Amino acid sequence: MTHTPLRILILGGTGEALQLARALEGDARFAPTYSVAGRTQNPRLPDLPCRGGGFGGPDGLAGYLGREAVEVLVDATHPFAARMSTHAVMAAKQTGVALLALRRPAWIPGPEDHWHGVPDMAAAVQALGTRPRRVFLTIGQLELAPFCEAPWHRYIIRSVDLPAVRPPDCLCITERGPFRLEDEQRLLLQHRIDALVTKNSGGEATRAKLEAARMCNVEVIMVDRPWVPPAPAEVPDPKAALDWLGAHYVRSRPTLRGV
Ligand code: NAP
């Protein structure tokens, strides 16, 4: 007996989302669609049906889930994409669609790390102080406006695309991770960086900068994650997500269980 594939919507845009999507390619148990916000110029996409752009809030997402007969919604967005994650929880509740959140663990400082934790970008600017400093900003391209208010620092900004809004006289490096420890060290030394501002994104792809900062004695200003509502099921990595989807497929196809 053949079984219909499980219709999945992956809210993507992260390395982990892409890894999961690629693991689903060609797997007859699953019929996934991959969704991105549509703000990155050349997003990395899997070989799956893809869509881009917002849904129009939680109601819009709920409408999409219904229209497309989605059975599982996978929230694999960035830990700072709090609005999208909140909408996913709301739309899943509204429609009864199963929700799996792929939430990569936050970075935790080791005994030799002395991070300065701040709640948001405005507080990160405050933490830099009034003395001119050489600052490495790895916070993406969307939230640089607060740093324009402190133009006495020299900013080296690394992001996937060139930021539209950025402080005067900054140096922009457009690059996508993963990044290696020796390259991160070289960058910190070459630009004589004395402070690193980063979001607590977690994950391996961009972790090396933290070790490099420790080795080069660079202060780390760590922007804490925003709060997101808990999802009914949460896993820390793509492998666990794949296992969960496999188990859900069996649970949701009674004939597979001989029922
Ligand atoms: P957000 O503020 O949570 O999302 C804003 C809106 O964008 C959502 O309400 C939704 O629009 C749309 N959206 C977001 N992710 C989507 C997806 N996968 N598919 C379809 N629509 C999506 O998130 P953000 O604006 O993307 O980013 C917020 C923070 O996360 C920033 O700091 C950014 O640097 C960081 N970040 C995000 C991503 C990502 O892929 N989302 C990747 C790297 C870093 P509707 O309400 O209209 O549905």
Compare I108, I157, I221 in a GNM of the chain, Cα atoms joined below 10 Å, and give the one with the largest fluctuation. I108
If you count only protein heavy atoms with a 1.4 Å probe, what accessible area per residue comes out for the chain, rounded to a whole Å²? 50 Å²
Report, to the nearest 10°, how far helix 181-190 tilts away from the longest principal axis of the Cα atoms in the chain, using its own Cα long axis and a range of 0 to 90°. 30 degrees
Using label points projected 7 Å from each Cα along Cα→Cβ, tell me how many nm separate D120 and A164, to one decimal. 2.1 nm
Given labels modelled 7 Å from the Cα in the Cβ direction, how far is it in nm from T4 to W227? 3.9 nm
Trypsin sites (Lys or Arg not before Pro) restricted to DSSP loop in segment 145-229 with at most 16 other C-beta within 10 Å: R176, R180, R192
How big is the chain by the Kirkwood estimate over distinct Cα pairs, in Å? 19.9 Å
Report, in degrees rounded to the nearest 10, the 0 to 90 angle that the Cα long axis of helix 238-252 makes with the longest principal axis of the chain. 20 degrees
Need the full-extension length gain, E149 to E112, defined as separation in residues times 0.36 nm minus the C-alpha distance. One decimal, nm. 10.2 nm
Name the residues of segment 24-56 whose amide N is less than 12 Å from a point 7 angstrom out from the Cα of R176 along the C-beta direction? 40-46
Between the alpha carbon centres of segment 179-209 and segment 97-123 the gap in Å comes to 16 Å
Extension gain, E25 back to D183 (0.36 nm per residue minus Cα-Cα distance, nm): 53.6 nm
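Defining a contact as two alpha carbons under 8 Å apart and six or more residues distant in sequence, what relative contact order in percent does segment 115-223 show? Write out the running numbers ahead of the final one.
On the way: 204 pairs, mean separation 35.0, N = 109.
That works out to 32 percent.
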Can you compute the radius of gyration and Dmax for segment 115-223, using only the Cα atoms, both in Å? 12.5, 33
Leading residue at positive end of dipole, the chain (Cβ point charges), from A124, G13, V160: G13
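Counting Lys and Arg as +1 and Asp and Glu as -1, each charge on the Cβ, what is the dipole of the chain about the Cα centre in debye, to the nearest 20?
On the way: 30 positive and 27 negative charges, 55 e Å.
Dipole of the chain, to the nearest 20 debye: 260 debye.
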Taking the alpha-carbon distance from K209 and a cut-off under 18 Å, which lysines remain once sequence neighbours fewer than 8 residues away in the same chain are dropped? K199
Between 0 and 90 degrees, rounded to the nearest ten: what's the tilt of helix 82-95 against the longest Cα principal axis of the chain? 10 degrees
What full-extension length gain, to one decimal in nm, is calculated for R51 and R192 as 0.36 nm per residue of separation minus the Cα-Cα distance? 46.6 nm
Relative contact order (percent, whole number), the chain, Cα cutoff 8 Å, 6+ residue spacing: 20 percent
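Please return the longest stretch of the chain lacking exposed loop sites, where chymotrypsin sites (Phe, Trp or Tyr not before Pro) count only if DSSP places them in a loop and at most 16 other Cβ atoms lie within 10 Å.
Looking at the chain, 1-151 is the longest stretch - no exposed chymotrypsin sites (Phe, Trp or Tyr not before Pro) with at most 16 other Cβ atoms within 10 Å.
The values are calculated or read from the model by the stated rules, or taken from the named source; none is laboratory data. Since we're looking at a predicted model, the values are computed, not measured. Positions of Cβ are generated from backbone atoms using ideal geometry, with glycine treated the same way; all protein chains shown enter the neighbour counts. With ligands, DNA and RNA removed, areas are computed over all heavy atoms of the protein, side chains included. Shrake-Rupley method; radii C 1.70, N 1.55, O 1.52, S 1.80 Å.
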